[in-house]
Amino acid sequence: MNDIGRAAVVTGLGAWVPPTVLTNEELAGRLDTSDEWIRSRTGIRRRHVIAPGEATGDLAVEAGKRALKSAGASSADVVVVATSTPDHPCPATAPDVADRLGLTGAAAFDIAAVCTGFVYALGTAAGLIASGFAQSALVIGADTFSTILAPGDRTTRAIFGDGAGAVYLRAGSAAEPGALMGLHLGSDGSRRDLIEVRAGGSRQRSTGLPAEEADTYFTMAGRAVFSQAVRNMAASVRSTARLAGWDTEDVDRVVLHQANARILAAVADQIDLPADRFPSNIDRVGNTVAASIPLALADACAAGDVRPGQRVVLGGFGGGLTWGSVALVWPDVPAVGPDHAPGS
Ligand code: UT7
């Protein structure tokens, strides 16, 4: 990560999804959609959703607890929560999550980069560690998009699910397995309207007028986002592999944000890697936004598809627009997930 050989090293991995499952068939009973449409266009069969009264922070605590357990750690200098569905507009969710994990006193803050949030959070925490300002960090991606989707919007309702995933980082050497080796982040704010919640922020509130109900929900221009996602994730994975000193074909596993099974296939095609190097759990959890990458990673580790010693690139794309990826040699770390799910 820097030229003196100090690096942030992944030593723990945790995952959590809420127990309530929402299947395509159940959705088809409420909306004008079908299991066939959802599966063939996205690869999704089911997703998990929170119960009334639950919030993103609750999922973040569960995933964080499991990442700490996986790492055998009981402290962290920094707690970062990547989310765009925070528990409250103010304050950030991370200080409360840190407190509930027994990490009161840690630097704690949220990062909002929508579906790229986990990669941005990982890069930020890794920078604090590599620079010597912190010794350890808990990085959590958590979102509950079920709370911001319009009840009657079949496109978004079919896609998104709730969940959380986390990794634990400690200071170590750039030569160790688990050391973050290459990081590539980018954005294009001129396309911000492709993924947005129009109301609820200062731009709407400063008008002094109540928000239109439709503007309080999440919207996405699916087709335009699809092509941007493929192009930018493909380019980012290539850049990150190069930064890590690898040829793209030497990458063993590419764990991408799980937005659509067809996007994973298209990225594999663009960078000329076999599709079986792209682990996927989208069929069981849908698009879980900032939680997506660590959840997919935890599932792939539990299934033995991501193994110690493999060259791995983690990559995301989302609202902003934002994108990014990070490279590491996968360490010998147990993934601690929920007992009830995602399962196969
Ligand atoms: O996570 C951040 C990044 N997000 C992404 O990368 C998402 C990228 N986009 C996508 O994955 C896809 O664009 C979607 C899955 C969102 C949509 O799939 P699509 O194949 O691009 O469909 P479309 O939006 O072009 O819509 C095709 C048709 C439309 O009907 P008409 O206008 O052709 O009559 C939609 O109204 O499919 C209709 N449709 C549905 N039909 C049944 C849209 N959603 C549904 C649905 N069930 N759930």
**OP:** Quick one: order Phe145, Phe218, Phe133 by neighbouring beta-carbon count within 10 Å, fewest to most.
**Re:** Phe133, Phe218, Phe145
**OP:** Order the peptides 9-17, 135-143, 271-279 from the highest to the lowest mean number of other Cβ atoms within 10 Å of their residues.
**Re:** 135-143, 9-17, 271-279
**OP:** Please list the radius of gyration and Dmax for the chain, considering alpha-carbon atoms only, with Å as the unit.
**Re:** 18.6, 58
Original post:
In the range 130-181, how does Rg compare with the Kirkwood Rh, expressed as the Rg/Rh ratio over alpha carbon atoms?
Top reply: 1.26
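Plugging the Kirkwood radius over Cα pairs into Stokes-Einstein for the range 218-280, at a temperature of 20 °C and a viscosity of 1.002 mPa s, what D comes out in µm²/s? Intermediate values should be presented prior to the final figure.
Working: Rh = 12.1 Å.
D = 177 µm²/s.
I need the semi-axes of the equivalent ellipsoid of the range 1-155: take the C-alpha gyration tensor, multiply each eigenvalue by 5, square-root it, list largest first in whole angstrom. The partial results should precede the final answer.
Numbers: eigenvalues 221, 56, 38 Å².
Equivalent ellipsoid of the range 1-155: 33, 17, 14 Å, largest first.
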Subject >> Among 55-64, 227-236, 256-265, the order from most to least packed when residues are scored by Cβ within 10 Å on average >> reply: 55-64, 256-265, 227-236
**OP:** With a cut-off of at most 14 other beta carbons within 10 Å, and DSSP calling the residue loop, which GluC sites (Glu not before Pro) in the range 178-276 qualify? Please list them.
**Re:** Glu212
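DSSP H helices in the chain with Cα extent of 20 Å or more along the helix axis and mean Kyte-Doolittle hydropathy at least 0.0?
Details: long enough: 56-71 (22 Å, -0.16); 222-243 (31 Å, 0.07).
The qualifying helices are 222-243.
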Original post:
If the range 226-344 were replaced by its equivalent ellipsoid, with semi-axes equal to the square roots of 5 times the Cα gyration tensor eigenvalues, what would those be, largest first, whole Å?
Top reply: 21, 18, 12
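Normalised by the number of residues in the chain, what is the relative contact order in percent for Cα pairs under 8 Å and 6+ residues apart? Each step should come with its number before you reach the end.
On the way: 898 pairs, mean separation 90.4, N = 344.
Rounded, it is 26 percent for the chain.
Every number in this text was worked out from the coordinates using simple rules, so none of it is lab data. Here the structure is a predicted model, which means the values were calculated and not measured. Using ideal geometry, Cβ is built from the backbone for each residue, glycine included, and neighbour counts are taken over all protein chains shown.
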